[in-house]
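Q: Attaching a single structure in structure tokens format; questions to follow.
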Amino acid sequence: MSTRHIARTLALQTLFELDMKGELGLSPEALEPILGRNRDEFGEGIRDISFAKDILVNALSRRITIDDIITRAAPDWPLDKIGTVDRNILRIGLTELLFGDRTQVPPKVAIDEAIELAKAFGGETSGRFVNGVLGAIYKEMGEPEKGQVTKSKQDHLHTSPRELLAGAVVLSHDNGKLYVGLVHDVFGYWTLPKGRINADEGEEVGAKRKIEAEIGIPVTLIEKLGENEYIANKPEAGKVVKHVSYYVAQANYEPLKLEKKTGLDDAKWFTVKEVAELRIYDDIKPLITKAIEVGKSKMIG
């Protein structure tokens, strides 16, 4: 058993204990003796508990946000109706999936580790439940690191049904400033307006229609930024190839009107300087950077 897996077990044991006692608001300093005691009892000789402590501090400091995400991702299961073990496994999984260092713990590893905890410490259906919730959230995130194509994935790219989507970096000028229009997802990231387009409509026509529907204002497509393909699992259809085309779009600087859509909760304009401070998915950042350069050279202020 790996040291990190044992550390996650210690984090789960500690979260479970705090949850049962109603002490999830404890300070990081107050966690030390509890975590140390659990290490001595369950740690199987592990000495360094820094990884377990990092998970705990991160999970507890972001608990309100994480619990809200669980509620949105599992609407049929009120948080207090989810078993205490499963609830805290989800907190650990989401802490690593959404707020962890992906170079240390890739998204797929975070999900797999949470499922293993559920199988080991939860009930008969815990593994499936945790997999379902975290898997749904991973898809809403845009499946980061989806570009890492294995032979199996390469085969699916050629044989699976295809779904066409389009998104855009929407730009606007106002009073000499360049603005970027972004939408905010329920996982705390600012991202691009994007949606599914119909196979019987032209790509640009479909892209314009979906982007306008999502942010509620007219846009003009300037040029294409690029394309991407990845595999998604859909309960009703199995594996589906999602082909996404990205554009630079221009719009008047007027209030954005977010479409009522699962997974999004806000839409705003940001200056280029403000964009640099936002929490944005890594695979979206290069698109925004490229679009801003296009906007500076081609848009009329």
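Q: Could you work out the per residue convex hull volume over the alpha carbons of the stretch 151-298, in cubic angstrom?
A: Each residue corresponds to 124 Å³ of Cα convex hull volume.
Q: Which translational diffusion coefficient, to the nearest whole µm²/s, is obtained for the stretch 8-78 from the Stokes-Einstein equation, given a Kirkwood hydrodynamic radius over C-alpha pairs, 10 °C and 1.306 mPa s?
A: 123 µm²/s
Q: Taking Cα pairs under 8 Å and at least six residues apart, what relative contact order does the stretch 151-298 come out at, in percent? It would help to have the intermediate numbers written out before the result.
A: Details: 290 pairs, mean separation 47.8, N = 148.
32 percent.
Q: Next question. Which ³J(HN,Hα) values, rounded to whole Hz and listed in residue order, are derived for the stretch 186-198 from phi using the Karplus coefficients 6.51, -1.76 and 1.60 in 6.51 cos²θ - 1.76 cosθ + 1.60 with θ = phi - 60°, glycine and proline given as x?
A: Each residue of the stretch 186-198 in turn: 6, 9, x, 10, 8, 9, 8, x, 7, x, 7, 10, 7 Hz.
Q: By average Cβ neighbour count within 10 Å, what is the ranking of 195-204, 167-176 from highest down?
A: 167-176, 195-204
Q: List, in order, the whole-Hz ³J(HN,Hα) value for each residue of the stretch 31-40 obtained from phi through the Karplus relation with A = 6.51, B = -1.76, C = 1.60 and θ = phi - 60°; use x for Gly and Pro.
A: 6, 3, x, 5, 5, x, 5, 5, 4, 4
Q: Based on the Kirkwood radius over alpha-carbon pairs, what value in µm²/s does the Stokes-Einstein equation return for the translational diffusion coefficient of the chain at 37 °C and 0.692 mPa s? List each step's numbers first, then the result.
A: Details: Rh = 21.1 Å.
Reported coefficient: 156 µm²/s.
Q: At 20 °C and 1.002 mPa s, what whole-number value in µm²/s does Stokes-Einstein give for the translational diffusion of the stretch 181-226, with Rh from the Kirkwood sum over Cα pairs?
A: It comes out at roughly 184 µm²/s.
Q: Still on this model: What does the net charge come to around GLU29 if you take all other residues with beta carbon closer than 14 Å to its beta carbon, with K and R at +1 and D and E at -1?
A: -1
Q: Give the value in nm², to one decimal: projected area of the alpha carbon convex hull of the stretch 1-124, averaged over all directions.
A: Mean shadow area of the hull around the Cα atoms is 7.4 nm².
Coordinate-derived values only; no laboratory data. Keep in mind the model is a prediction, meaning the values are calculated, not measured. Cβ sites come from the backbone with ideal geometry, for glycine too, and all protein chains shown count toward neighbours.
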